[in-house]
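Asks: Have a look at this one before I ask anything.
The values are calculated or read from the model by the stated rules, or taken from the named source; none is laboratory data. From a predicted model like this one, the values you see are computed outputs, not experimental measurements. Note: ideal-geometry Cβ built from the backbone for every residue, glycine included; neighbour counts use all protein chains shown. The area values use the complete protein model at the heavy-atom level, side chains included, leaving out ligands, DNA and RNA. Shrake-Rupley method; radii C 1.70, N 1.55, O 1.52, S 1.80 Å.
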Amino acid sequence: MMENPDSAAVKLVIAGPVGAGKTTTIRSLSETEPLSTEMPMTEAAMGDKTTTTVAFDFSTVMLDEEVPLFIYGLPGQSRFQHMWPIILEGAFGVVLVLDARDEALEGTCQEWLGVLDEIVPGLPVVIGVTKTDTLEAPSLRSLRSALASKGIVLPVFTFDARNREQANHVIRALLATMA
Amino acid sequence: MNIDIRVAGTGEDLQKRLRLASGLLLAHKIRSTVRDWDGTRCDCVVVTGDDLFGQRVRAYAALKQIPVLTITRANDTFDPATNTIGDGAPLNLYVRAFLAILQAGDALSRARAPVASGEDRIGLLALSRALADREGDLLAMVDGIEVHILQSSGHVAARSQQDLEQAKDQLGSPGWQFRDSNGKPCDSCYFESLDIFMIRAGIRYGGMLPAFPVAEYRLGCWPDLGTAPDLVDPLRIASLVAKGHRSLDELAGLTGIDQSQVSGILWGFRAASLLVPEGRRDTLASRPESKARMPYANVFQKLASRFGLFQKSW
Ligand SMILES: Nc1nc2c(ncn2[C@@H]2O[C@H](COP(=O)(O)OP(=O)(O)OP(=O)(O)O)[C@@H](O)[C@H]2O)c(=O)[nH]1
Ligand SMILES: [Mg+2]
């Protein structure tokens, strides 16, 4: 099992479903290539499979000469949900990365927000919607109105996870909600 | 509004016939003019299919998505599939041809729709007001350029990037006109984010605009600025408005951003429908008490400066 991170660490978590672009986002945010840590899983966690490995992303960005920012990717598959509270422990915020091509985008989003809020109530969250570049005229409208109808007001950004400036801007939005 | 029909090298006789047909369109409550093609935008261009010039104009018009009526010597009928008409076809067939072509585009509804004249002298303000109580899409027109304001999808669209750029240059000027859009812009339109379009306009023309009455609004939606990483100040303004700061003084004081720029950004928010009137309280969920570990102020400062939260947008 992963160790509880140092309680003084400055920690950011990138969450979201499988293939949404979490690793890509972390890579764009990082100055160095992120690490993927392989984890042996217990029998209980895996159901009928006895062994497997899961790669979760980890990277650091130096805020100044002394203070590192730890960036963690939350493994997307729900069967790794038991790890989520551990990874989210002590994080100051989350970027929820969603794939614009997801046909059930609103549902996926609300599910994730629900889970995150259950683990860490009130955790600052921004939503980053990736892969809009693959759609002709991508629209956030239905996602926005789904959130608005629940009274949820948080930044929803479309961005290209491969673009460093845009990935940084998503973090700025997260920080702006906390400023 | 007049339907603008242009003729590319079809000869004197034919031009006369086209003018007669244009006159007959009045019976359908359509005013139209027939003039020589000059390469600019129009509602329909008439070309001869049998010569090289006609073919060139037709190719160019296709590129610019200008509807074309092609004249041939082959017969005296009208073929709506190809918009081809014989040069000896009777006048009523020409009228039918024009009606068919104009119907396919949206020129007709534009010609017939009552056009509200923009009394507002500043395009962005006029636009903002035209959008104020409207859920649907809007067609905004200036200088012969059409910009579809697609609230339904969160885009602005025009026939080309150049059109959109020209429209942006006009957002500080008078002369904008509006009407309902049928929601379907041109087939291969150039799209941009509505939020970014409006907010950039607000920043650009902020100095010309009246002080935004921010106390009357609350933030309904954060702007989507994901693809505009240079726009940082609007993020900071959105954050403060979301937290309930409701005066320009306060917003300017807290951010160090010039008051007229704050106001401009807010006009941009308004035009992008990100602000809702304060009176309209929908379900406003109160977020639970945060259990997140907020970074200490000095750590937050480090994060903010590492990610450039306080850098100037312009
Ligand atoms: N076109 C495009 N491709 C993207 C974008 N973001 C991510 N991708 C691609 O999507 C694929 C999946 O991205 P990853 O970053 O591996 O996704 P992930 O969330 O880490 O996936 P898991 O670790 O399997 O849960 C990669 O091929 C990325 O290059 C984007 O904004 N636009
Ligand atoms: Mg990954």
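Asks: Give, rounded to the nearest 20 debye, the magnitude of the charge dipole that the protein assembly as shown has about its Cα centre when Lys and Arg contribute +1 at Cβ and Asp and Glu contribute -1 at Cβ.
Replies: Taking the Cα centre of the protein assembly as shown as origin, the dipole is about 1160 debye.
Asks: Also, I was wondering about something else. Pick out, in residue order, every one of the GluC sites (Glu not before Pro) in the range B:155-228 that is DSSP loop and has at most 16 other C-beta atoms within 10 Å; say none if there are none.
Replies: Answer by residue number: there is no such site.
Asks: Nearest 500 deg cm²/dmol is fine: what mean residue ellipticity at 222 nm does the protein assembly as shown get from its DSSP H runs of n ≥ 4 alone, each adding -39,500 (n - 2.57), divided by its residue count?
Replies: Result for the protein assembly as shown: -10500 deg cm²/dmol, rounded to the nearest 500.
Asks: How many nm is it between the label spots at A:LEU35 and B:GLN161, if each spot is 7 Å from the Cα in line with the beta carbon?
Replies: 4.3
Asks: Based on DSSP H assignment, which helices of chain B show an axial Cα extent of at least 15 Å together with a mean Kyte-Doolittle hydropathy greater than or equal to 1.0?
Replies: Helix filter hits for chain B: B:91-104.
Asks: Counting only C-alpha contacts under 8 Å and six or more residues apart, can you give the relative contact order of the range A:11-177 as a whole percent?
Replies: Relative CO of the range A:11-177 lands at 25 percent.
Asks: What average number of partner chain Cβ atoms lie no more than 10 Å from the Cβ of the residues making up A:60-67?
Replies: Partner Cβ neighbours, averaged per residue: 3.
Asks: Let me ask something else about it. Please report the buried accessible area for the interface of A with B, total over both chains, probe 1.4 Å, in Å² to the nearest 100.
Replies: 4100
Asks: Please state, as a whole number in µm²/s, the translational diffusion coefficient that the Stokes-Einstein equation yields for the protein assembly as shown at 10 °C and 1.306 mPa s, with Rh defined as the Kirkwood radius across alpha carbon pairs.
Replies: Diffusion coefficient, whole number: 62 µm²/s.
Asks: Pairs A:LYS150/B:LYS168; A:LYS22/B:LYS302; A:LYS131/B:LYS168; A:LYS22/B:LYS168: which exceed 32 Å Cα-Cα?
Replies: The answer is A:LYS150/B:LYS168; A:LYS22/B:LYS168.
Asks: What's the extension gain from B:ALA74 to B:LYS29 if we count 0.36 nm per residue and subtract their Cα-Cα distance?
Replies: That pair, B:ALA74 and B:LYS29, stretches by 13.1 nm at full extension.
Asks: Got a sec? Charge dipole of the range B:2-111, +1 on Cβ for Lys and Arg, -1 for Asp and Glu; which of B:THR70, B:VAL47, B:GLY105 is way out at the positive end?
Replies: My answer, from the dipole projection, is B:GLY105.
Asks: Just how large is the dipole of chain B about the Cα centre, in debye to the nearest 20, putting +1 at every Lys and Arg Cβ and -1 at every Asp and Glu Cβ?
Replies: In total the dipole reaches around 660 debye.
Asks: Principal axes first, then extents: for the Cα atoms of the range B:118-306, list largest minus smallest coordinate on each axis, whole Å, largest first.
Replies: 55, 36, 30
Asks: Can you list the aspartates and glutamates whose alpha carbon sits under 12 Å from that of B:LYS64, skipping same-chain ones fewer than 8 residues off?
Replies: B:ASP43, B:ASP163, B:ASP187
Asks: Averaging sequence separations of C-alpha pairs under 8 Å and six or more residues apart, then dividing by the length of chain B, give the relative contact order as a whole percent.
Replies: 13
Asks: Taking beta carbons within 10 Å but only from partner chains, what does the mean come to for residues B:227-233?
Replies: For this peptide, the per-residue mean of nearby foreign Cβ atoms is 5.
Asks: Using only atoms on other chains, find how many Cβ atoms lie within 10 Å of each Cβ of peptide A:111-124 and report the average.
Replies: 2
Asks: What is the distance in Å between the Cα centroid of the range A:119-179 and that of the range A:92-116?
Replies: Between the Cα centres of the range A:119-179 and the range A:92-116 lies a distance of 9 Å.
Asks: Separate question: Between B:ARG19 and B:GLU135, how high is the FRET efficiency from 1/(1 + (r/R0)^6) when r is the Cβ-Cβ distance and R₀ = 56 Å? Nearest 0.05.
Replies: E between B:ARG19 and B:GLU135, to the nearest 0.05, is 0.85.
Asks: Can you tell me which of A:161-171, B:152-162 comes out highest on packing, and rank the rest after it, using the mean Cβ neighbours within 10 Å?
Replies: Ranking the peptides A:161-171, B:152-162 by packing returns A:161-171, B:152-162.
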